[in-house]
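To keep things clear, I will list the structure first and then write my remarks on it.
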Amino acid sequence: MRSLVCPFVARGTEAGSAGKRELGRGERILPGVFRLRLPLPWPGVPHCNAWAISAGDGFVLFDTGMHQPGSMDQLQWALASCRLRIEDVKLIVCTHAHSDHCGQAPAIKELTGCELWMHPKHTLITNTFTDPEAELARRLEIARQSGVPEEPLRQWAAQRQESQPGISGPIEPDRDLVPGVTVQTDLGEWTVHETPGHDPCHVCLFQAEQRVLISGDHLLGRISLFFDYGHSPDPVGEYLDSLDVVQALRARLCLAGHGRTFTDVQPHIDGSRALVRERLEKVRQAVSERPLTAVEALPSVSEGRLGAAEVPRLLMETLAMLTHLEAIGAVERTAAGAEQAERQLWVAR
Ligand SMILES: [Zn+2]
Ligand SMILES: [Zn+2]
């Protein structure tokens, strides 16, 4: 099975031997609001955040961290540093279906008997757990059509087959996390806002009186892009629409899925939008010079970062950009010559 990761920044190889592992730890952000900083096995993305927010005699856990050896201990250390106990989780709410955000949910449910709430489109991602071979074959086909040569593709497939899922069991939410549903905490009521793009089931949660946003991976302290390509028709278009959704909330504090909290929310929205537009224009320009495969167009989004470990993420971003340009009528795809009929070329319109 493969790991459902969101490598939104530079990734190296999956960890293990090299590098110092982070330890789980927690900090109070506001009265009754705690950041749980949980380690990840990816050198470029050393940790993710879960958020514990007091609710009556326990707390709601927003996101869970990834499941890996020792991860429940890490979570419990982080909770203990905030004087919280895993037994007091009343509800798990996950922003999206990547393993670093929902991977421990099944184990915590098992331990506490609490409910898990997620957006119903999580199945677009989590169904790939049940048939990892078919998912790998689908990804390989996309890569071949994109012009990835056979040998690196073979190596990548072998690596993915060895990788761990990062999920502690089947993801089986008890309630659909959709607009209209509210989450009650001592800080107040949180509303649900659909923000697809990063992945198709992404939601943000908003506490209107305090104007606090739990943003998952939709908005991060460091402006960066990641698109889980292949699960919806136009992830970039969805992401741009989702930035509008979040902008309308006028949040003044953002609790993001990775990194520190931040208060300059609007500049982060503006910066994300500008980065998308910049990348779209670079890809469009590259394709307008001559027909290209997605792999040939990939340097347009790489900003010189072309380590082997980054290519899969960059290829997904390139395909997402090309697909959006296709959706707005700026480019179209065509099959390469007969001898290379499996490859798709992208051309300007
Ligand atoms: Zn993440
Ligand atoms: Zn993610």
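The values are calculated or read from the model by the stated rules, or taken from the named source; none is laboratory data. Bear in mind that the values here come from a model prediction, so they are computed numbers and not experimental data. Using ideal geometry, Cβ is built from the backbone for each residue, glycine included, and neighbour counts are taken over all protein chains shown.
Between SER146, SER168, SER99, which is within 29 Å of GLN76 (Cβ to Cβ), more than 16 Å from ligand 2 (Cβ to nearest atom) and crowded, with 21+ Cβ neighbours inside 10 Å?
SER168
Given the conditions (1) buried (at least 21 other Cβ atoms within 10 Å of the Cβ); (2) away from ligand 1 (no atom under 16 Å from the Cβ), report the number of the one that ILE125 does not fulfil.
It fails just one condition, (2).
Would you check if there is a residue in region 134-150 being modelled with pLDDT of 90 or more and within 30 Å of GLU27 (Cα to Cα)?
Within region 134-150 (the criterion being modelled with pLDDT of 90 or more and within 30 Å of GLU27 (Cα to Cα)), the answer is no, since none of the residues qualifies.
Tell me whether region 209-225 contains one or more residues that are within 15 Å of ligand 1 (Cβ to nearest atom) and in a helix (DSSP H, G or I).
Looking through region 209-225, none of the residues is within 15 Å of ligand 1 (Cβ to nearest atom) and in a helix (DSSP H, G or I).
Scan region 226-253 for residues that are part of a loop (DSSP other than H, G, I, E, B) and either within 24 Å of ILE142 (Cβ to Cβ) or within 16 Å of ligand 1 (Cβ to nearest atom) (or both) and report the count.
The qualifying residues number 9.
Can you name the helices (runs of 4 or more DSSP H) wholly within region 255-349 that have at least 3 residues being of a type outside the set (Gly, Ala, Ser), touching a helix residue (DSSP H, G or I) at 6+ places or on another chain (Cβ under 8 Å) and within 30 Å of THR64 (Cα to Cα)?
265-289, 311-327
If you scan region 92-117, which residues turn out to be farther than 15 Å from PRO39 by Cα, of a type in the set (Asp, Glu) and within 18 Å of the chain's Cα centre (by Cα)?
Matches in region 92-117: none.
Please state which one of ALA50, ALA78, ALA55 is small (Gly, Ala, Ser), within 16 Å of ligand 2 (Cβ to nearest atom), modelled with pLDDT of 95 or more and buried (at least 17 other Cβ atoms within 10 Å of the Cβ).
ALA50
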